[in-house]
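Engineer: Here you go, one structure.
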Amino acid sequence: MKKEQEQLKTLRIALEMVQRGYKFSNIDLYKSHPVNFVVDKENKALIPPFVTIDQLGENAANSVEEARKDGEFFSKEDLLRRTKL
């Protein structure tokens, strides 16, 4: 019940932001921050953080940010091997 209440609260905020003219992009493996929204000036949108993915915690999100510093991910398996996903 609490999870659904939190989701509803988040969706209401997102709806209000859209009504005020904000746009959201998709989560981006190379641009998303672990816990904060990122401003995408090029597309005039907000990129959601990794923790907005259901059941993805902060430690796993941080591991993606760290692993991408070592270069591009070449496959899903590479992503899984280099992170805590």
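Engineer: Helix 58-68 versus the longest principal axis of the chain: what is the Cα-based angle in degrees, 0 to 90, to the nearest 10?
Structural biologist: So the helix axis and the longest Cα principal axis differ by about 50 degrees.
Engineer: Right, something else. When the chain is fully extended, how far beyond the present Cα-Cα distance does Asn43 get from Glu66, taking 0.36 nm per residue of separation?
Structural biologist: 5.8 nm
Engineer: Here's a follow-up. Which residue, Val64, Val51, Val18, has the most motion in a Gaussian network model of the chain that connects Cα atoms within less than 10 Å?
Structural biologist: Val18
Engineer: Within the chain, what's the longest stretch lacking trypsin sites (Lys or Arg not before Pro) that sit in DSSP loops with no more than 16 other Cβ atoms inside 10 Å?
Structural biologist: In short, 45-68.
Engineer: Tilt of helix 2-19 relative to the longest C-alpha principal axis of the chain, in degrees (0 to 90, nearest 10)?
Structural biologist: The two axes meet at around 70 degrees.
Engineer: Related question: Using modelled backbone amide H atoms (1.01 Å from N, in-plane), which distant-in-sequence or interchain residues come within less than 5 Å of Ala45's amide H?
Structural biologist: Distant-sequence amide H within range of Ala45: Asp40.
Engineer: Let me ask something additional. Longest span of the chain, sites excluded, free of GluC sites (Glu not before Pro) in DSSP loop with at most 15 other C-beta atoms within 10 Å?
Structural biologist: 1-41
Engineer: Please sort by residue number the chymotrypsin sites (Phe, Trp or Tyr not before Pro) in the chain whose DSSP state is loop and whose Cβ has at most 10 other Cβ atoms within 10 Å.
Structural biologist: Tyr30, Phe74
Engineer: Can you tell me the length gained on complete extension of the stretch Glu4 to Glu16, counting 0.36 nm per residue apart and subtracting the Cα distance?
Structural biologist: Result: 2.5 nm gained on full extension.
Engineer: Here's another thing I want to ask about it. Can you tell me the dipole magnitude for the range 19-81 around its Cα centre, using point charges on the Cβ only (Lys, Arg +1; Asp, Glu -1), in Debye to the nearest 20?
Structural biologist: 360 debye
Engineer: Let me ask something else about it. State the answer as a single residue: which of Ile13, Asn36, Ser25 lies farthest towards the positive end of the charge dipole of the chain, with beta carbon charges of +1 for Lys and Arg and -1 for Asp and Glu, about the Cα centre.
Structural biologist: Ile13
Engineer: Still on this model: How large a share of the accessible area of the chain, in percent, is made up of carbon and sulfur atoms when the probe is 1.4 Å and the other protein chains stay in place?
Structural biologist: Exposed carbon and sulfur together represent 53 percent of the surface.
Engineer: Considering Cα pairs under 8 angstrom that are at least six residues apart, work out the relative contact order of the chain and quote it in whole percent.
Structural biologist: Worked out over the chain, it gives 21 percent.
Engineer: Under a 1.4 Å probe, what is the accessible area of the chain per residue, stated in Å²?
Structural biologist: I get 79 Å² per residue for the chain.
The values are calculated or read from the model by the stated rules, or taken from the named source; none is laboratory data. Predicted model only: the values in this text are computed from it and were never measured. Neighbour counts run over all protein chains shown; Cβ positions are idealised from the backbone, glycine included. For accessibility, only protein heavy atoms count, side chains too; no ligands or nucleic acids. Shrake-Rupley method; radii C 1.70, N 1.55, O 1.52, S 1.80 Å.
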